[in-house]
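One structure is given here, and the rest of the page talks about it.
Read-outs: derived from the displayed coordinates by stated rules, not from any lab. What you see is a predicted model; the values in this text were computed from it and never measured. Heads up, the Cβs are rebuilt from the backbone with ideal geometry, glycines too, and the neighbour counts pull from every protein chain shown.
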Amino acid sequence: MNMLDIQLPGLDLKNPIMPASGCFGFGKEFGNLYDLNILGAIMVKATTPEPRFGNPTPRVAETSSGMLNAIGLQNPGLTNVMKDELPRLNQFDVPIIANIAGSQVEDYVTVAREISKVSNVKALELNISCPNVKEGGITFGTDPVVARKVTEAVKAVSEVPVYVKLSPNVTNIVEMAQAVEAGGADGLTMINTLMGMRFDMKTGKPILANKTGGLSGPAIKPVAIRMIYEVSQAVNIPIIGMGGIMTAEDVIEFFYAGASAVAVGTANFTDPFVCPKIIEELPVLLKKLGFNHISECTGRSWNKHAQFANHRA
Amino acid sequence: MIKNEAMKIVSQQEIAESIYELTLSGSLVSEMNQPGQFVHIKTGNGYEPLLRRPISISAIDKENNTFTMVYRAEGKGTFLLSQAKNDTEIDVLGPLGNGFTPEVAISGETALLVGGGIGVPPLYELSKRLTKLGVNVIHVLGFQNAATVFYEEKFRALGETYITTVDGSHGTKGFVTDVIDILSNSYTTIFACGPTPMLRALESAYKETKEVFLSLEERMGCGIGACFACVCHTADDPTGFQYKKVCSDGPVFRAGEVVL
């Protein structure tokens, strides 16, 4: 029996595990390590209308149980992504979630209109939360009025469901979630990275050339869990959860918080085989906890009608 | 092929101040074919440090299924690694990257190998390969001071070797370039690994007249080319969108290929 299959708007997932955008490129490198067919979906690297080189190096810095990155949305641009990167992923029976980014609303609209026509792109992830670009990105993700506007504009042109990626760098995450839901979002993905900094001991200057970067990894997991817990009770659209997932146990915790699927990001750098490992471990863990299907875990932390699972054990 | 293996520590010793020589055994060695490649090492258990550490391969011994690295214990990760005891296991991902191609040097000719500090180790396997091919090797190896010099005798056993130290406490006082400037111009190929200013100096001085190959260093995330942490501009498009990834396109590049 399949204990892991999940249906979400536009997405027929054989399991709820997918690599997070920006941590998996366009799948080429990881495709040399294992069969990508086993993944639930793939969230590919952010695509902007024009090619972007990104920020100067150093672009990464390690932190306690986490890392800072300031890549700066490096990507080959819409035309090349559509011509080279997405067709290469066609060989896999895996839905692609295309992450789209830009500096102005028109950029998002341009990318959404074109990329949503590609046959293996089953959903869009609207990146209004990248902390590492000077214009656009996070400025769209911290103002509910602007976030709703860009969501509406993208929904108007997209041929596939639109998930909006929320930034944790806000005071009221529920307000942001409700704004994009009102804008027509089909789902949410959360959380993006938390803005942070580190300094070099000898020079006293920032380690990252961009000065600030986005914090990811297990250090941010409690923040993600808390935000998903709050948002999932306040909206009626599904959440793909992310933020520091390293193990199958972490996945279950995200589901308890209210997620319906999850993305694994930074953990791919520590262990490039982490996604296959989690997919293999999940059914065993679910059985141990007394569940028949992973969907039984969603929202367990706040759903007062949910029974204790392990009564069956 | 890139593999992930828990490899056993055969030996680990401090061979100079904060410089450690670590030999591991395991089947992953059978995948190692090129000098100048590196491995990505998980230096601790649990989430700290979270990221792997890229460390270059300094010697490959296929007969005994072992390989050796020489690294400096400088930060938290490499310090932890230096504390690992014999017969315990280390999580290794590799081999990674494109290393040096010794075959570009022709038998009977002379190659100049230039190393700076912790850039010296990968030149050792390269030098062994070159001498096996019948190439004469000259080594110019730069260090901070006498306490941090390592592998001097090992390199000397393979060919002519010059040591420089910044403070003059061993060998010639100054930088590797001070020695190279007064060397006879008998070599046709230069292989180098070390700090970027050193690579830049070699590139600008010899790019036009010699075959020059440089091994770059950069902070890395994944080590396999997926995260875009270690990119550099290409020389023919220095401010544009063309790029190379140090981890998977490099770390060795022909001089003039990328912007240093």
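Return the sequence-ordered ³J(HN,Hα) values of region B:213-221 in whole Hz as given by the Karplus equation 6.51 cos²θ - 1.76 cosθ + 1.60 applied to θ = phi - 60°, using x for Gly and Pro.
Listing the rounded values in order: 10, 10, 9, 9, 10, 7, 4, 10, x Hz.
Of B:CYS232, B:LEU158, B:PRO95, which is farthest on the positive side of the dipole of chain B, counting Cα position, with +1 on Lys and Arg Cβ, -1 on Asp and Glu Cβ, and the Cα centre as origin?
Looking along the dipole axis, the top candidate is B:PRO95.
Give the long-range amide H neighbours of B:THR161: residues separated by 5 or more places, or on another chain, with amide H under 5 Å away, using H modelled in the peptide plane at 1.01 Å from N.
For B:THR161, the qualifying residues are B:HIS139.
Under 5 Å between amide hydrogens, which residues at least 5 positions from B:THR66 or on another chain qualify, with H placed 1.01 Å from N in the peptide plane?
Under 5 Å from the amide H of B:THR66 lie the amide H atoms of B:ASP61, each far enough along the sequence or on another chain.
Rounded to the nearest 20 Debye, what is the dipole magnitude of region A:1-82 about its Cα centre when Lys and Arg each give +1 and Asp and Glu each give -1 at the C-beta?
Charge dipole of region A:1-82: 200 debye, to the nearest 20.
Just going by the charge dipole of region A:1-97, with Lys and Arg at +1 and Asp and Glu at -1 on Cβ, which of A:ILE96, A:GLN7, A:SER21 is farthest out on the positive end?
After comparing all options, I get A:SER21.
By the gyration tensor of its Cα atoms, with a ≥ b ≥ c the square roots of the eigenvalues, what is the shape of region A:207-294: rounded for a/c under 1.5, prolate for a/b over b/c, or oblate?
In terms of gyration-tensor shape, oblate.
Beyond 26 Å between alpha-carbons counts as too far, so tell me which of B:LYS8/B:LYS245; A:LYS45/B:LYS244; A:LYS45/A:LYS122; A:LYS221/B:LYS244 fall in that bin.
B:LYS8/B:LYS245; A:LYS221/B:LYS244
Over chain B, what is the relative contact order in percent, taking alpha-carbon pairs closer than 8 angstrom and at least six residues apart?
Contact order relative to length: 17 percent.
Once you put a point 7 Å from the Cα of B:LYS207 and another 7 Å from the Cα of B:ASP61, both along the Cβ direction, what distance in nm separates them?
Result: 4.1 nm between the two label points.
Tell me, for the protein assembly as shown, which Cys residues have no other cysteine's C-beta sitting closer than 4.7 Å.
Here A:CYS23, A:CYS130, A:CYS275, A:CYS297, B:CYS193, B:CYS230, B:CYS232, B:CYS247 come out as lacking a disulfide-compatible partner, given the Cβ-Cβ threshold of under 4.7 Å.
Looking at region B:64-120, which trypsin sites (Lys or Arg not before Pro) are in a loop (DSSP not H, G, I, E or B) and have at most 16 other Cβ atoms within 10 Å?
B:LYS85
Please label the shape of region A:42-183 as rounded, prolate or oblate, based on the square roots a ≥ b ≥ c of the eigenvalues of the alpha-carbon gyration tensor (a/c under 1.5 means rounded; beyond that, a/b larger than b/c means prolate, else oblate).
Oblate is the answer for region A:42-183, as a/c is 1.5 or above yet b/c matches or exceeds a/b.
Hey, got a sec? Which trypsin sites (Lys or Arg not before Pro) in region A:165-244 land in a DSSP loop and have at most 13 other Cβ atoms within 10 Å?
Here the sparse-neighbourhood loop sites are A:LYS202, A:LYS211.
What is the order of A:VAL121, A:VAL105, fewest Cβ neighbours within 10 Å to most?
A:VAL105, A:VAL121
Report, in debye and to the nearest 20, how large the dipole of region A:172-313 comes out about its Cα centre when Lys and Arg carry +1 and Asp and Glu carry -1 on their Cβ.
380
If you average the sequence gap of Cα pairs under 8 Å that are 6 or more apart and divide by the length of chain A, what percent do you get for the contact order?
18
Taking the alpha-carbon set of chain A, what are its Rg and Dmax in Å?
Values for chain A (Cα only, Rg and Dmax): 18.4, 59 Å.
Which GluC sites (Glu not before Pro) in region B:1-76 pass both tests, a DSSP loop state and at most 15 other beta-carbon atoms within 10 Å?
B:GLU17, B:GLU63, B:GLU74
Among A:HIS293, B:HIS170, rank each residue by its count of other Cβ atoms within 10 Å, from fewest to most, as a rough exposure measure.
Taking fewest neighbouring Cβ atoms as first place, the list is A:HIS293, B:HIS170.
What size of dipole, in debye to the nearest 20, comes out for chain A about its Cα centre when the only charges are +1 on Lys and Arg C-beta atoms and -1 on Asp and Glu C-beta atoms?
Here chain A has a charge dipole of around 460 debye.
Enumerate the amide H contacts of B:ARG53 below 5 Å, restricted to partners 5 or more residues apart or on another chain; note that Pro and chain-start residues carry no placed amide H.
Hits under the 5 Å cutoff: B:ILE41, B:LYS42, B:THR43.
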